[in-house]
Amino acid sequence: MKPRFPSLIAKAFWISESWPSEMLSELSSSSVYLCSCFLGSSSLVSRILCEAHANHRAFRVVVVDSQPRLEGRETLCRLVKQGIRCSYVLINAISYVLPEVSKVLLGAHALLANGSVMSRMGTSQIALLSKAYNVSVLVCCETYKFCDRVQTDSFVSNELDDPDDLIGSKGKSRPLSNWQESKSLRLLNLVYDVTPLELVDLVITELGMIPCTSVPVVLRVKNVEQ
């Protein structure tokens, strides 16, 4: 049997470059978009925003970042270089900026069969607050990230990151540097969380804009095609 990796890579590349033009209708001028860029898949979100800007859509982006990785800085630099007006906040300040936000754009690590979104830790917090402020939440996710797994919380299955990342930079004074010696202290650095489908308004894919509940249908169609 021939390996499928080359074809899978080619398909993933084609998907990433074949986003429908209808998605640009969700990005209107004179709007403010909250972009959660601490996500591992935030490159897709930034590419959508850059494409909308290239199509002469005038909007502003609020880039949300989180410790300890601060991955949003890379996305922020990419958007600013394209001439997009941006603001930069940490996740603990989103309640102050949500009143001026038109839509929230989130990336995803995976879209589960029950419609839940698996993404970097903090995504569900943003979605929950956005729902409280009546702000639409859009998840940008390619269909190759759709999976038949079901998960309702972040504890059944997850990845653990380095706990030392939670205690600050190595070059600074770290009060918890000897935390391993304390029997009453444990550091938990989870990588992903799970956002329930009730907090997501729409999923933007290369097939178009679909609800979270369409995951089983998409998987069935893909299985038939294979």
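Bear in mind that the values in this text are calculations on the coordinates, not laboratory data. Given the structure is predicted, the values throughout are model-derived calculations rather than measurements. With ideal geometry, Cβ positions are generated from the backbone for all residues, glycine too; neighbour counts draw on all protein chains shown.
Key figures
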item	result
FRET efficiency estimate (nearest 0.05) - Cβ-Cβ, Leu90 to Leu219, R0 35 angstrom	0.45
Enclosed volume per residue, in Å³, of the convex hull spanned by Cα atoms of segment 181-226	157
Estimated inter-spin distance, Glu74 and Asp153, nm [label 7 Å along Cα→Cβ]	3.2
Environment charge of Tyr88, counting only residues whose C-beta is closer than 13 Å and scoring Lys/Arg +1, Asp/Glu -1	+1
Cα pair distances of segment 98-184 binned at 10 Å [whole percent]	14, 32, 26, 22, 6
Ascending count of other beta-carbon atoms within 10 Å, so fewest first, for Glu142, Glu159, Glu206	Glu159, Glu206, Glu142
For Leu202, distant residues with modelled amide H under 5 Å away	Val137, Val139
Shape call, segment 53-204: gyration tensor on alpha carbons, a/c limit 1.5	oblate
